[in-house]
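Engineer: Please find one structure pasted underneath; my questions will follow.
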Amino acid sequence: MTPAEREVAYSPSSCIGGDYSTHIAEYRDRSAVARATVDRWQEYAYGPARSNHLDLFLPAGTGEPPPLLVFIHGGYWQELSKEDSAFAAPAWVDRGVAFAAIGYTLAPKATLYEIVAECRKAVGWLHEHADEVGIDRRRIVVAGSSAGAHLAALVALSESPASATVLISG
C-alpha cells in the first residue's frame, strides 16, 4: 500500500462516499449564525499558540453560574476548527447551559500527544477561570464528535475537572 492509499484507507471522510463539503459548509454557516445571535460570547486564549483559543457562549444571567458543555471538534485531527464548531451553542444557551468550542493545533503541525495536551489545557483553563468567565466549575461536561470524541475520551481519562463526558461517533 502506498502512503497515499494508506491515507485514504485510514481517513474516515473517505468512507462516507460523495462530497462532504456541504456538511462542513453547514457547520460553518450555522456557527456564524450562533456568533451573530448569541448575545454573550467571547474568545479566550488558553495557551500561547493562535490555535489555543476557545469561544465561550453564555446564557442570559440567571443569578447562578451555569453548567458548561465543552465541545471538541472532529475532522480527523487534521481539519475543522472552533470556528466551525459553534453551531450547537444557541440550543444549549437557550436551555441555560454555557457552551465552549475549543480550538487546537491540527496534525501534522502537532502530534496526537500534543493535541491531547492542548485539549486538556483548554478544559483546565476553563475550570481554573470559572469564576472569572461566569461558569460553574463543578458542572463541566466535555463532549466531542468523531476525532473530537476520541480527544474528549482522552481528556476524561486524565485528571480532568469534567463531571461527565459525551462521545459522539462521526
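The values are calculated or read from the model by the stated rules, or taken from the named source; none is laboratory data. As the structure is a computational prediction, the values presented were derived from the model and not from experiment. Here Cβ is always computed from backbone atoms with ideal geometry, including for glycine, and neighbour counts include all displayed protein chains.
Engineer: Exactly one of these conditions fails for Thr37: (1) touching a Pro at 6+ places or on another chain (Cβ under 8 Å); (2) in contact (Cβ under 8 Å) with a residue 40 or more places away in the chain; (3) surrounded by 16 or more Cβ atoms within 10 Å (Cβ to Cβ). Give me its number.
Structural biologist: Checking Thr37 against (1) touching a Pro at 6+ places or on another chain (Cβ under 8 Å); (2) in contact (Cβ under 8 Å) with a residue 40 or more places away in the chain; (3) surrounded by 16 or more Cβ atoms within 10 Å (Cβ to Cβ), the one that fails is (3).
Engineer: Now for a separate question. Taking Ala143, is it buried (at least 22 other Cβ atoms within 10 Å of the Cβ) and either under 17 Å from the mean Cα position of the chain (by Cα) or not hydroxyl-bearing (Ser, Thr, Tyr) (or both)?
Structural biologist: On the way: buried (at least 22 other Cβ atoms within 10 Å of the Cβ): no; either under 17 Å from the mean Cα position of the chain (by Cα) or not hydroxyl-bearing (Ser, Thr, Tyr) (or both): yes.
Spelling it out, it is not the case that Ala143 is buried (at least 22 other Cβ atoms within 10 Å of the Cβ) and either under 17 Å from the mean Cα position of the chain (by Cα) or not hydroxyl-bearing (Ser, Thr, Tyr) (or both).
Engineer: How many of the residues in region 109-132 are touching a Pro at 6+ places or on another chain (Cβ under 9 Å) and crowded, with 19+ Cβ neighbours inside 10 Å?
Structural biologist: Going residue by residue through region 109-132, those that are touching a Pro at 6+ places or on another chain (Cβ under 9 Å) are 123-124, 126-128, 130-131.
Imposing the further condition that a residue be crowded, with 19+ Cβ neighbours inside 10 Å reduces the set to 123, 126, 130.
Total meeting the criteria: 3.
Engineer: Considering only residues that are out of contact with any Leu (no Cβ under 7 Å at 6 or more places or on another chain) and either within 18 Å of Pro59 (Cα to Cα) or modelled with pLDDT under 95 (or both), which ones fall in region 94-104?
Structural biologist: Here is the first cut: in region 94-104, the ones out of contact with any Leu (no Cβ under 7 Å at 6 or more places or on another chain) are 94-96, 104.
Hits for region 94-104 are Asp94, Arg95, Gly96.
Engineer: Can you name the number of the only condition in (1) out of contact with any Cys (no Cβ under 8 Å at 6 or more places or on another chain); (2) within 11 Å of Tyr46 (Cβ to Cβ) that Ile102 fails?
Structural biologist: (1)
Engineer: Ok, one more. Among the candidates Arg95, Arg139, which residue alone is of a type in the set (Lys, Arg) and either in contact with a helix residue (DSSP H, G or I) (Cβ under 9 Å, 6 or more places away or on another chain) or within 18 Å of Pro161 (Cβ to Cβ) (or both)? Give the derivation first.
Structural biologist: On the way: Arg95 fails: either in contact with a helix residue (DSSP H, G or I) (Cβ under 9 Å, 6 or more places away or on another chain) or within 18 Å of Pro161 (Cβ to Cβ) (or both).
Within the list Arg95, Arg139, the selection yields Arg139.
Residues checked against (1) among the acidic types (Asp, Glu); (2) touching a helix residue (DSSP H, G or I) at 6+ places or on another chain (Cβ under 6 Å); (3) buried (at least 20 other Cβ atoms within 10 Å of the Cβ); (4) under 17 Å from His150 (Cα atoms):
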position: Ser31; (1), (2), (3), (4): no, yes, yes, no
position: Ala45; (1), (2), (3), (4): no, no, no, no
position: Leu54; (1), (2), (3), (4): no, yes, yes, no
position: Thr62; (1), (2), (3), (4): no, no, no, no
position: Leu69; (1), (2), (3), (4): no, yes, yes, yes
position: Ala89; (1), (2), (3), (4): no, yes, yes, no
position: Leu106; (1), (2), (3), (4): no, no, no, yes
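Engineer: Starting from region 145-170, take each residue that is at positive phi and list its partners that are exposed (fewer than 15 other Cβ atoms within 10 Å of the Cβ) and not in a strand (DSSP E or B), counting only C-beta distances under 9 angstrom and pairs at least six apart or across chains.
Structural biologist: Hits for this filter: Ser146/Pro12; Ser146/Ser169.
Engineer: Ok, one more. Before we move on, is Leu126 within 11 Å of the chain's Cα centre (by Cα) and at pLDDT 95 or above? Working first, answer last.
Structural biologist: Working: within 11 Å of the chain's Cα centre (by Cα): no; at pLDDT 95 or above: yes.
Spelling it out, it is not the case that Leu126 is within 11 Å of the chain's Cα centre (by Cα) and at pLDDT 95 or above.
Engineer: Something else: Which of the numbered conditions does Glu26 fail, given that it passes all the others? Conditions: (1) in a strand (DSSP E or B); (2) more than 15 Å from Gly148 (Cβ to Cβ).
Structural biologist: Result: Glu26 passes all but (1).
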